[in-house]
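Supplied in structure tokens, the structure appears directly below.
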Amino acid sequence: LKRPANIQALSERLMTTMESTDSPPSPPFPWRVLLVSIIASLNNMAFGYDVGVVSGSLLDMAGSLDLSLSEQELATSGLNFVSGIGALAGAGFVMDSLGRRATLMVSSLLLVIGGAFVTLAH
């Protein structure tokens, strides 16, 4: 019977200690992390848009270029395949040699150049 009384006293003392101490100040909101996350998600959305454009224009490409079914499949999956190979083979090496910022700049530049080529293609 003595043990529950000790636990009750201990819990009361703990509650009074917790109520009397002030909570530590909360850290400021990480605005820079939020901005970098938004930019990274925009890059992924642009990649998804590119894949969607290729898939959407597949019927027109197949008709004008006389593509077989396997060539249509390669045209659709080529972007994913090449980006996967690049991510596995080159991203670690490039990031180690150039650093994080330069790697992001190079990859963003390549995305812009690729978008310009697709836009200017006739």
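What is the number of the single condition among (1) open to solvent by less than 60 Å² (accessible area, probe 1.4 Å); (2) polar (S, T, N, Q); (3) outside any helix (DSSP H, G or I) that S26 does not meet?
Exception for S26: condition (1).
Residue-wise test of (1) open to solvent by less than 80 Å² (accessible area, probe 1.4 Å); (2) under 20 Å from the mean Cα position of the chain (by Cα); (3) at pLDDT 80 or above.
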site	(1), (2), (3)
Y49	no, yes, yes
G63	yes, no, yes
L67	yes, no, yes
M105	no, yes, yes
L120	no, no, yes
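The values are calculated or read from the model by the stated rules, or taken from the named source; none is laboratory data. Only a predicted model underlies this, so the values are computations on that prediction, with no experimental measurement involved. Just the protein is used for accessible areas: all its heavy atoms, side chains included, with ligands, DNA and RNA removed. Shrake-Rupley method; radii C 1.70, N 1.55, O 1.52, S 1.80 Å.
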